[in-house]
Amino acid sequence: MIADDLAANGGAPVPQLVVPDAVFVDRRIVAPGEPHLVWPAGVALSLERSGGELVVRYDRPPSEQAIRDFREAAGDMLGDLRWNDVTLVLRPAAGWRMDARVVGPVLIVGFALVAADTDDAQAAPADPARELAHAAIEADLAAGYPGRGRRQAQALLARDPGDTRAARLLADARAIDGDAAGAARGYRALAADDRSARRTIAAGGGTAAMGLVAREGGDLGQVEASLRADVPVADAVAMGGGLRHLQSRVDTPEGRRDRAATVADASLAVALGDAARLQLLASAALDDGVTGGGARITYGPAEAQWRLTLTRHMPDYATPAQVLAGGYLSRAALGATYRLGSGLVAQGEVGLNRYGLAGERAASDTVTLSAGLEYLIRRRYPLLGLSYRVEAEYVRRALLDADGAMAIPLADRENHTVQAMLGEALGAVQLTGLAGWTVDRFGGDGPNASLALAAPIGLVWRVEASGGLTSISRPGFSGQQLFGRAVLTRSLGRPR
């Protein structure tokens, strides 16, 4: 059929041929005039305008041949084209302006000359060295190196504070590195109005979350409901607090016993610069009077980070004995994450743990070890990956009760797990599936399988859910266990 559409330069209506999406998959069929960029059939495209740029988001990237065809069709009118697995950014050449529309899996871009007396026509020509530096930063961010990208963007801004592209890349790097407040300040300064920036701006004002976690396995089953809020009180300081209510079931030789516990948590987080962050923790069990506190410090960006955790007497209900009598855990742990390549990440942590019961001295000391490698085989959707992980705990000392049994029964465990990962995007919804097998060196093995979902809802809401089966033994949970988790988060800031 024929439909009227306004030309990209604002002229009189021109006829537009509307055909089924599948027709555009054949790149031999190209309408004359405006350049077309064609994705495979069924791809969901969204178009945003940011300054003089066009930003296209998708769940599957275009082919390299489609990119080459578009570049050839656009010719000298196209100034810059950057793309990765989920985003494509277009910028017109000096002296041109552009607009675009989406028809099914096709992006149609219209270019028009800028009048000689406009500000755009007087714009300085692009600096090739600067463009190359911008592209290098974008490549670092896409490959998972936000720290390196942040440093490069800061160096560009030190030389030219008016480089708005570098300022945007700096805000993007902070967002990828988990610094929502810093990223939000950068986006506000740029008056960024694309959806991704507005979501980060909203999150920079704090978050409130409601969660539900269920665990079932062995002699212990638990359901935990939680409420938590974290809000900034200064540029580098945030406060948080929450309540957790646990309902536990313990199967004993005398029969089933049910216990409830409510725990109040508080935290104070301080950014000690771009490289270091300190978090002070406090926690109190309202039912049995156990109170504790501690600190956690992280140093370095996401691709090369050290973590140190020191806590004392924190309420803990990991084992049946602690559920029935009230319990606590003191812990000292040192961990690190290091990205060995764009698709390969190594993680590790060693910890010293002291388990105890309410009103009594420590009952058991253990050493824990967790380490692993994650390899992303395919970076485009569907994502494909493999991982290996070891999770171990070795009992070093155990207090015996009057009957000669361990006050807190614990056993040595050393779980080796291999898993395959498959990830897919359905619009803004991210789905991740994991499947693999676990072998415990001290006896036992079994399957692991899980499915996780993460989806933004508008600009201020986000839902995350996961569930599955695991055979990784833990204190209080031996053999196979079922688990489920759901969290609904609301950003407290204004999205503009």
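The values are calculated or read from the model by the stated rules, or taken from the named source; none is laboratory data. Please read all numbers here as calculations on a predicted model, not as lab measurements. Using ideal geometry, Cβ is built from the backbone for each residue, glycine included, and neighbour counts are taken over all protein chains shown. Heavy atoms of the whole protein, side chains included, go into the accessibility calculation; ligands, DNA and RNA do not. Shrake-Rupley method; radii C 1.70, N 1.55, O 1.52, S 1.80 Å.
Here are some notes:
- Per residue, the chain reaches -5000 deg cm²/dmol at 222 nm when only DSSP H runs of four or more residues are counted, each adding -39500 (n - 2.57).
- Neighbourhood net charge (15 Å Cβ-Cβ; Lys/Arg +1, Asp/Glu -1) for residue 249: -2
- Counted residue by residue at 0.36 nm each, then reduced by the alpha carbon distance between them, the extension gain from residue 414 to residue 164 reaches 84.9 nm.
- Accessible area (Å², 1.4 Å probe, nearest 10) - residue 235: 110 Å²
- Rg [Å, one decimal], Dmax [Å, integer] - the chain, C-alpha atoms: 27.1, 94
- Placing a label point 7 Å from the Cα of residue 375 along the Cα-to-Cβ direction, no residue of segment 426-451 has a backbone N closer than 12 Å.
- Contour minus Cα-Cα distance for residue 155 and residue 46 (0.36 nm per residue): 36.0 nm
- The convex hull of the Cα atoms of segment 256-359, projected and averaged over all directions, covers 8.2 nm².
- Total formal charge among the other residues, if their Cβ is under 15 angstrom from that of residue 143, Lys/Arg +1 and Asp/Glu -1: +1
- C-alpha long axis of helix 64-74 to longest principal axis of the chain, angle in °: 30 degrees
- Cα-Cα separations in segment 224-289 greater than 17 Å, expressed as whole percent: 56 percent
- Stretchable slack from residue 112 to residue 239, in nm (0.36 nm times residue separation minus alpha-carbon distance): 40.6 nm
- For segment 343-496, averaging the sequence separation of C-alpha pairs within contact (under 8 Å, six or more residues apart) and dividing by the residue count gives a relative contact order of 14 percent.
- Of the GluC sites (Glu not before Pro) found in segment 173-259, those that fall in a DSSP loop while having at most 12 other beta-carbon atoms within 10 Å are 254.
- Label zone at residue 441, where the point sits 7 Å out along the Cα-to-Cβ direction: segment 399-435 residues whose backbone N lies under 14 Å: 412-417
- Surface accessible to a 1.4 Å probe, per residue, for the residues of segment 436-496, Å²: 53 Å²
- Trypsin sites (Lys or Arg not before Pro) restricted to segment 211-295 and DSSP loop, no more than 11 other C-beta within 10 Å: none
- As a length-normalised measure over Cα pairs under 8 Å and 6 or more apart, the relative contact order of the chain settles at 10 percent.
- Relative contact order %, segment 265-406, counting alpha carbon pairs below 8 Å whose residues are six or more apart: 14 percent
- Distance between segment 278-304 and segment 427-452 - C-alpha centres, whole angstrom: 28 Å
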